[in-house]
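Encoded as structure tokens, here's the structure I'll be asking about.
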Amino acid sequence: MALAGFLAGVFLLLALYCGLDPFKHSAISEFPDFVAHKVEMPAWDEIPVEKDTQNLLQKSEIKFLNQIQGPESMAFDPQGRGPYTGVADGRILFWDGAKWNDFAYTSANRSGLCDPKPSPLLYLKNEHICGRPLGLRFDQKTGDLYIADAYFGLMKVGPEGGLATSLVTEAEGVPLRFTNDLDFDDDGNIYFTDSSINYQRRNFMQLVFSGDDSGRLLKYNPQTKETTVLVKGLQFPNGVSMSKDRSFVVFCEGSIGRLRKYWLKGEKAGTSEVMAVLPGFPDNIRTNEKGDFWVAIHCRRTIYAYVCALYPKLRMFLLKLPISTKIHYLLQIGGRPHAVVAKYSPEGKVLQILEDRPGKVVRAVSEVEEKDGKLWMGSVLMPFVAVYSLE
């Protein structure tokens with residue numbers, strides 16, 4: 001009986017501590033309006049279990065180590081030159097075959113705050129000043145580069161580079177808070193994601209922890225200058241890629257871990273449907289020449305992350321404990337970073353999985369761009385580009 005009373009007292013004190021957070025040590029102490037949302041997860045047995053038993057990503061070549069910080073997106077211009085990539089200090093760089101060159105930037109207010117630092121994460125504090133280019137896409141006809149900047153919205157820069165021009169900063173009167181990725185159709189309409197209207201990229205971990213459902217898939221018409229919200233109420237929408245036949249666009253739902261199709265043509269035009277359930281947390285998605293989709297997956301989903309997604313009250317309790325954001329992140333991903341890339345057919349069938357489960361070589365991946373028999377893989381968390389040969 002005495003033990004039961006003692007345990008009850010400990011639990012009461014713990015609950016009181018979590019409610020008050022007197023020392024502001026929790027992962028959400030700086031977010032007084034933080035809300036934990038339920039994530040409508042698929043059944044546990046629906047989450048794919050196929051694995052790359054050989055950990056083939058460990059055969060990747062690590063290029064440009066410590067020459068670039070946090071390269072998110074890999075793009076090649078109409079002449080096949082590149083890659084071009086957006087990095088953590090807000091610049092877009094171009095590899096000319098011998099060295100990296102400044103090509104473009106998204107902020108007109110760059111200063112010493114954007115100077116080189118030893119880690120991509122050290123730029124987070126000033127990203128809203130320096131800019132943070134994420135998704136990149138070249139118009140293969142004009143050579144213009146379209147940019148999804150996390151803070152400055154949808155942008156464009158000409159083939160000569162320089163300061164990018166703003167195209168979209170709000171939709172339906174609601175400002176873009178976390179512009180993430182984009183692609184466009186044959187008519188020049190741009191489809192892009194705004195991951196949250198409540199959280200900016202510098203608070204992306206709190207966005208992950210919250211399960212925030214304010215994300216949007218949008219369309220920008222360059223002829224009319226109008227921006228339309230196609231789908232709202234999304235939980236961390238991320239990568240966007242057109243199908244090869246341009247009949248639908250695919251986008252990732254990060255919190256749920258799945259691919260969705262939004263139909264542009266045919267009987268289903270204007271509707272969306274689930275395309276595939278993924279083994280983990282997706283980032284960007286890119287279509288290859290055959291029409292298949294390469295999905296960058298930060299890590300596999302753990303049972304811990306799955307249970308926390310389903311039970312927001314439990315998640316809220318855990319987040320109020322005096323545990324750092326980094327520890328919560330490691331719990332979410334199973335203790336260590338480990339990259340996964342997966343190729344899907346247009347019908348949503350998994351065709352290939354490549355991974356590095358121990359995280360020895362490719363510890364994280366944000367995008368996979370297939371070119372000339374090689375996969376070019378960038379990551380917002382890593383100071384290099386990984387290249388894997390498919391042949």
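In segment 264-367, how does Rg compare with the Kirkwood Rh, expressed as the Rg/Rh ratio over alpha carbon atoms?
Here Rg/Rh amounts to 1.06.
Also: Pick out which of Gly112, Gly188, Gly335 has the largest mean-square fluctuation in a Gaussian network model of the chain, springs linking Cα atoms closer than 10 Å.
Gly112
Under a plain spin-label model, where a point goes 7 Å from the Cα along Cα-to-Cβ, how far apart in nm are Leu230 and Ile62?
3.8
What's the FRET efficiency of His25 with Ile303 using the Cβ-Cβ distance as r and R₀ = 30 Å, to the nearest 0.05?
0.70
Under 10 Å, Cα contacts only: if you run a Gaussian network model on the chain, which one of Ala27, Ala305, Ala43 comes out with the highest mean-square fluctuation?
Ala43
Could you tell me the distance between the Cα centroids of segment 135-190 and segment 298-327, to the nearest Å?
Between the Cα centre of segment 135-190 and that of segment 298-327, the gap is 33 Å.
As a check on your grasp of the helix formula, calculate [θ] at 222 nm for the chain: sum -39500 (n - 2.57) over DSSP H runs of n ≥ 4, divide by the residue count, round to the nearest 500.
Computed ellipticity for the chain at 222 nm equals -4000 deg cm²/dmol.
Beyond 30 Å, what percent of the Cα pairs of the chain remain?
Every Cα pair in the chain considered, those over 30 Å come to 37 percent.
Using a basic spin-label model with each label point 7 Å from the Cα along Cα→Cβ, how many nm lie between Ser345 and Leu122?
Output for this residue pair reads 4.8 nm.
Which of Arg202, Arg286 comes first, and how do the rest follow, when ranked by fewest Cβ neighbours within 10 Å?
Arg202, Arg286
Right, here's the next one. May I ask what percent, to the nearest 5, of DSSP beta bridges between residues of segment 2-389 are antiparallel?
The antiparallel proportion sits near 100 percent.
Charges on Cβ only, +1 for Lys and Arg, -1 for Asp and Glu, centred on the Cα centroid of the chain; of Val307, Asn288, Leu167, which one is farthest towards the dipole's positive end?
Looking along the dipole axis, the top candidate is Val307.
Rank the residues Cys308, Cys252, Cys299 as a footprinting-exposure proxy: fewest other Cβ atoms within 10 Å of their Cβ go first.
Cys308, Cys299, Cys252
Suppose R0 equals 35 Å. What FRET efficiency, 1/(1 + (r/R0)^6) with r the Cβ-Cβ distance, do Ser166 and Lys51 give to the nearest 0.05?
0.20
Would you pull out the residues with amide H under 5 Å of Lys374's amide H, same chain only if 5 or more places away, H placed 1.01 Å from N?
Counting only residues 5 or more places away or on other chains, the set is Leu390.
Here is a further query. Take Asp115 and Ser324, extend 7 Å from each Cα along the Cα→Cβ direction, and tell me the distance between the two endpoints in nm.
With each label placed 7 Å out from Cα toward Cβ, I get 2.6 nm.
Here's something else I'd like to know. Could you list the GluC sites (Glu not before Pro) in segment 221-268 that lie in coil according to DSSP, counting only those with at most 14 other Cβ atoms within 10 Å of their Cβ?
Passing sites in segment 221-268 are Glu267.
Here's a follow-up. What is the calculated FRET efficiency for Lys313 to Asp185, with r their C-beta to C-beta distance and R₀ = 41 Å, to the nearest 0.05?
So the FRET efficiency works out to roughly 0.45.
Work out the length of the dipole vector of segment 2-389 about its Cα centre, built from +1 on the beta-carbon of each Lys and Arg and -1 on the beta-carbon of each Asp and Glu, and round it to the nearest 20 debye.
The calculation lands at about 920 debye.
Using +1 at the C-beta of Lys and Arg and -1 at the C-beta of Asp and Glu, which of Thr142, Gly359, Thr227 has the Cα lying farthest in the positive direction of the dipole of segment 2-389?
Gly359
Explain nothing, just compute: Karplus ³J(HN,Hα) = 6.51 cos²θ - 1.76 cosθ + 1.60, θ = phi - 60°, for every residue of segment 355-360 in order, whole Hz, x for Gly and Pro.
Result, rounded to whole Hz: 8, 9, 4, x, x, 7.
Another question, if that's okay. Give me the mean projected area, in nm² to one decimal, of the convex hull enclosing the Cα positions of segment 80-229.
The Cα convex hull of segment 80-229, projected and averaged over all directions, gives 9.5 nm².
The numbers here are math on the coordinates, done by the rules we state, and not lab data. Only a predicted model underlies this, so the values are computations on that prediction, with no experimental measurement involved. Ideal geometry is used to build each Cβ from the backbone, glycine not excepted, and the neighbour counts take in all protein chains shown.
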